[in-house]
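One structure is given below, encoded as structure tokens.
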């Protein structure tokens, strides 16, 4: 085959410039070099542009260095390639070399160099480029001047940017120029100047209508100043000009309303967007988290993931996807997430029934009776449409597994009655032996099974206390338990700890999470020796069974020895008269440790001088008091304090709805809690209560004074449904 002519080569390179395959460009270039064909300058420039377009900046530089003739297009093309490849300093260096070569830069060259300086945010280097622009007589060019405005703005030279902008003749200022100057003010936190310039556009802009970049810059400026009034006026202009669905403006509006304390407006703007992008989702999620809408933030995040499933991977979620995801989350123990996803899945008929049955089975496995109840209600809704018998059986078994103590008889298939341990044996043996043999074996097992007839109580009576770690008190609603415990490797994966404490924890949460401990400073060394009893003077005491010495006491001023200790439904341990329940001598709520119980008070009793405050643990194992305290001072201000002396954070004063330093309290209860603040002549305190007393909510001051505790003291109230405690 004859070698291609120069004209053929030029045509081929023109075609390659519009191609989309770097390999073909390199292959064609290799053929031209091998054939020894000298390509025209314009064709070489096209090939140079192709290499830069595909990011092959090394190949582009090799081609450039091998060119015998270079014009302004050659130099500018390679400069643009360097800038696009995130090598702006090389682009500026090329401008210097261009001056030495005798080739005069044009307006495109200078605008490219100015953009490179903007990426470097180097004002001094930018001024050198500006000087060359003035010498070359390109300062009045609109493109170059706009690039200089942008460069100075990103380098912090706001006054220089405005000087360049003012030097532009009014007819030369286009929408890009005005938008660049507005962006300079917004990016440098000069909101007032941005608003003034936007107003100037109406009088000096020659009737120019603002575009979406200008509007986004002004909205951002309003956000920085928290100027809600002006922001709403700009929002009105946005709607009138038809930019209501623009992503750039929507993100700015969401941010502006959020910073102005109007989360509801932020959400309304977001809800009007038909196809929100990842950036828009991120903006509203940040706003929701800022104002304590944790549930909304997580819901929006999951919604974003579902949208990306279709937009990014082209897969539309179907019923099987939802059911599989719910089943996966349920098996992993992430039941709250599974429940929220099940609620979001708008399924019908048998698909919905399969989904809720899957969640119900997971709730039974993990003994989450609260979620199982709600899932069971969803299953029962299909009673007249589908066969729900399987789901109801699972629901029944869930109740049995969650609330029946070991040893209590349960009803199983065919009306056989047996204890839960025997039922486990029955499951495995029934598959390999005859039923008659199983019945006989079960009888033998029942005869030799250890007795477990003791019934948990919520009260310690004189002469009838708790001994060792095998017994405990359980509140009447079964929510709280009190007994002796150790923070060993079964709880926190630490080495076994020899110390034993008396404490209160959530009764039905599998992972022991102490909420209150009595003897943090006086632990028991022998886990088999402690006894909780009513002493002769009526006080509640921890005794060493061997020596009968008192390890801990309530030290209450009792007026009778006829007292009882009761674990109440709210987790408060109360020492009271056995004949008059209103006569209370001592209560654990007056001596909190690191947990703020619902219904408890944090604050001062101005009559007795009692200071109820949260005290962090020494560490995750040692229940002794730590370095951090959370308290309401006598002036009514909440403080997080280190080592009893150094104030770390302050809540500010209560304004009737929230503490002044925590405005996010307004929208952070999610219909779970209510707050109450009292300050009178007798006491000053803060408390909170649950709408649903069965809900399990954990609010603790961390051992480092941070995490949930820090949020708690700022009263931003991170409410967790015991996610950590149940893992």
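Collect the residues in the stretch 124-166 that are in a helix (DSSP H, G or I) and either in contact (Cβ under 8 Å) with a residue 60 or more places away in the chain or loosely packed, with under 13 Cβ neighbours inside 10 Å (or both), keeping them in residue-number order. Can you show your working first?
First pass over the stretch 124-166, keeping only residues in a helix (DSSP H, G or I): 124-136, 142-154, 158-166.
Within the stretch 124-166, 124, 131, 134, 135, 159, 166 meet the criteria.
All but one of (1) surrounded by fewer than 19 Cβ atoms within 10 Å (Cβ to Cβ); (2) under 20 Å from residue 111 (Cα atoms); (3) modelled with pLDDT under 85 hold for residue 66; state the number of the condition that does not hold.
Result: residue 66 passes all but (2).
Considering the stretch 581-597 alone, what residues qualify as being part of a loop (DSSP other than H, G, I, E, B) and crowded, with 18+ Cβ neighbours inside 10 Å?
So in the stretch 581-597, the residues part of a loop (DSSP other than H, G, I, E, B) come out as 581-583, 591-594, 596-597.
Selection gives 592, 593, 594, 596, 597.
Looking at the structure I just gave you, is residue 103 in a loop (DSSP other than H, G, I, E, B), at pLDDT below 90, surrounded by 16 or more Cβ atoms within 10 Å (Cβ to Cβ) and touching a helix residue (DSSP H, G or I) at 6+ places or on another chain (Cβ under 7 Å)?
Numbers: in a loop (DSSP other than H, G, I, E, B): yes; at pLDDT below 90: yes; surrounded by 16 or more Cβ atoms within 10 Å (Cβ to Cβ): yes; touching a helix residue (DSSP H, G or I) at 6+ places or on another chain (Cβ under 7 Å): yes.
It is true that residue 103 is in a loop (DSSP other than H, G, I, E, B), at pLDDT below 90, surrounded by 16 or more Cβ atoms within 10 Å (Cβ to Cβ) and touching a helix residue (DSSP H, G or I) at 6+ places or on another chain (Cβ under 7 Å).
Every residue in the stretch 519-532 that is buried (at least 22 other Cβ atoms within 10 Å of the Cβ) and within 19 Å of residue 464 (Cα to Cα), please.
Residues satisfying the conditions are 530, 532.
All but one of (1) in a strand (DSSP E or B); (2) modelled with pLDDT under 75; (3) surrounded by 15 or more Cβ atoms within 10 Å (Cβ to Cβ) hold for residue 661; state the number of the condition that does not hold.
Exception for residue 661: condition (1).
Please give the number of the condition residue 246 fails out of (1) buried (at least 18 other Cβ atoms within 10 Å of the Cβ); (2) under 13 Å from residue 191 (Cα atoms).
Just one mismatch for residue 246, condition (2).
As an exercise: evaluate residue 221 against (1) within 25 Å of residue 287 (Cβ to Cβ); (2) in contact (Cβ under 8 Å) with a residue 12 or more places away in the chain; (3) not in a helix (DSSP H, G or I) and give the number of the one condition it does not meet.
Failed condition: (3).
Of all residues in the stretch 106-123, count the ones that are farther than 18 Å from residue 70 by Cα and in a loop (DSSP other than H, G, I, E, B).
Residues meeting the conditions: 2.
Mind counting the residues in the stretch 207-242 that are more than 12 Å from residue 253 (Cβ to Cβ) and surrounded by fewer than 22 Cβ atoms within 10 Å (Cβ to Cβ)? I'd like the intermediate steps shown before the answer.
At the first step, the residues of the stretch 207-242 found to be more than 12 Å from residue 253 (Cβ to Cβ) are 207-211, 213-214, 217, 221, 224-227, 229-230, 233, 240-242.
Checking the rest, the ones that are also surrounded by fewer than 22 Cβ atoms within 10 Å (Cβ to Cβ) come to 207-209, 211, 213, 224-227, 229-230, 233, 240-242.
Final tally of qualifying residues: 15.
Looking at the stretch 271-293, which of its residues are in a helix (DSSP H, G or I) and over 19 Å from the mean Cα position of the chain (by Cα)? Give the derivation first.
Initially, the stretch 271-293 is screened for residues in a helix (DSSP H, G or I), giving 271, 278-290.
The one that is in a helix (DSSP H, G or I) and over 19 Å from the mean Cα position of the chain (by Cα): 271.
For the stretch 598-609, name all the residues that are in contact with a strand residue (DSSP E or B) (Cβ under 7 Å, 6 or more places away or on another chain), part of a loop (DSSP other than H, G, I, E, B) and farther than 27 Å from residue 692 by Cβ.
So the first thing to find is which residues in the stretch 598-609 are in contact with a strand residue (DSSP E or B) (Cβ under 7 Å, 6 or more places away or on another chain), and the list is 598-606.
Add one more test, that the residue is part of a loop (DSSP other than H, G, I, E, B), and what stays is 598-601, 606.
The one that is in contact with a strand residue (DSSP E or B) (Cβ under 7 Å, 6 or more places away or on another chain), part of a loop (DSSP other than H, G, I, E, B) and farther than 27 Å from residue 692 by Cβ: 606.
Considering each residue of the stretch 175-205, count those that are closer than 21 Å to residue 144 by Cβ and not in a helix (DSSP H, G or I), and give that number.
Residues that pass the stated criteria total 1.
Provide a single number: the residues in the stretch 571-582 that are without any contact (Cβ under 8 Å) to a residue 40 or more places away in the chain and closer than 13 Å to residue 481 by Cα.
The initial filter retains those residues of the stretch 571-582 that are without any contact (Cβ under 8 Å) to a residue 40 or more places away in the chain, namely 572, 574-577, 579-582.
Subset that is closer than 13 Å to residue 481 by Cα: 572.
Number satisfying all stated conditions: 1.
Could you check how many residues of the stretch 69-89 are part of a helix (DSSP H, G or I) and surrounded by fewer than 18 Cβ atoms within 10 Å (Cβ to Cβ)? Can you show your working first?
As a first pass, look at the stretch 69-89 and keep what is part of a helix (DSSP H, G or I): 72-84, 88-89.
If we keep only those that are surrounded by fewer than 18 Cβ atoms within 10 Å (Cβ to Cβ) as well, we get 72, 84, 89.
Of the residues in that region, 3 qualify.
Could you grab the pairs with beta carbons closer than 7 Å, sequence gap of 6+ or different chains, first residue in the stretch 650-664 and not assigned by TED's automatic domain parsing to the domain that holds residue 675, second one at pLDDT 75 or above and surrounded by fewer than 14 Cβ atoms within 10 Å (Cβ to Cβ)?
Every condition considered, no pair remains.
All but one of (1) over 28 Å from residue 479 (Cα atoms); (2) at pLDDT 80 or above; (3) in a loop (DSSP other than H, G, I, E, B) hold for residue 684; state the number of the condition that does not hold.
Every listed condition holds for residue 684 apart from (3).
Could you count how many residues in the stretch 538-564 are over 23 Å from residue 468 (Cβ atoms), surrounded by 14 or more Cβ atoms within 10 Å (Cβ to Cβ) and at pLDDT 90 or above?
Counting residues in the stretch 538-564 that are over 23 Å from residue 468 (Cβ atoms), surrounded by 14 or more Cβ atoms within 10 Å (Cβ to Cβ) and at pLDDT 90 or above gives 2.
When you look at residue 208, is it over 34 Å from the mean Cα position of the chain (by Cα) and under 22 Å from residue 246 (Cα atoms), yes or no? Walk me through it before giving the result.
On the way: over 34 Å from the mean Cα position of the chain (by Cα): yes; under 22 Å from residue 246 (Cα atoms): yes.
Against the criterion (over 34 Å from the mean Cα position of the chain (by Cα) and under 22 Å from residue 246 (Cα atoms)), residue 208 qualifies.
Can you list the strands (runs of 3 or more DSSP E) found entirely within the stretch 500-557 that contain at least 3 residues being under 30 Å from residue 333 (Cβ atoms) and in the same structural domain as residue 473 (by TED's automatic domain parsing)? Write out each step before concluding.
Numbers: elements: 501-506, 514-517, 530-534, 540-544, 550-553.
Output list reads 501-506, 514-517.
The values are calculated or read from the model by the stated rules, or taken from the named source; none is laboratory data. Keep in mind it's a predicted model, so treat the numbers as computed, not measured. Glycine gets a Cβ as well: all are built from the backbone with ideal geometry, and neighbour counts include every protein chain shown.
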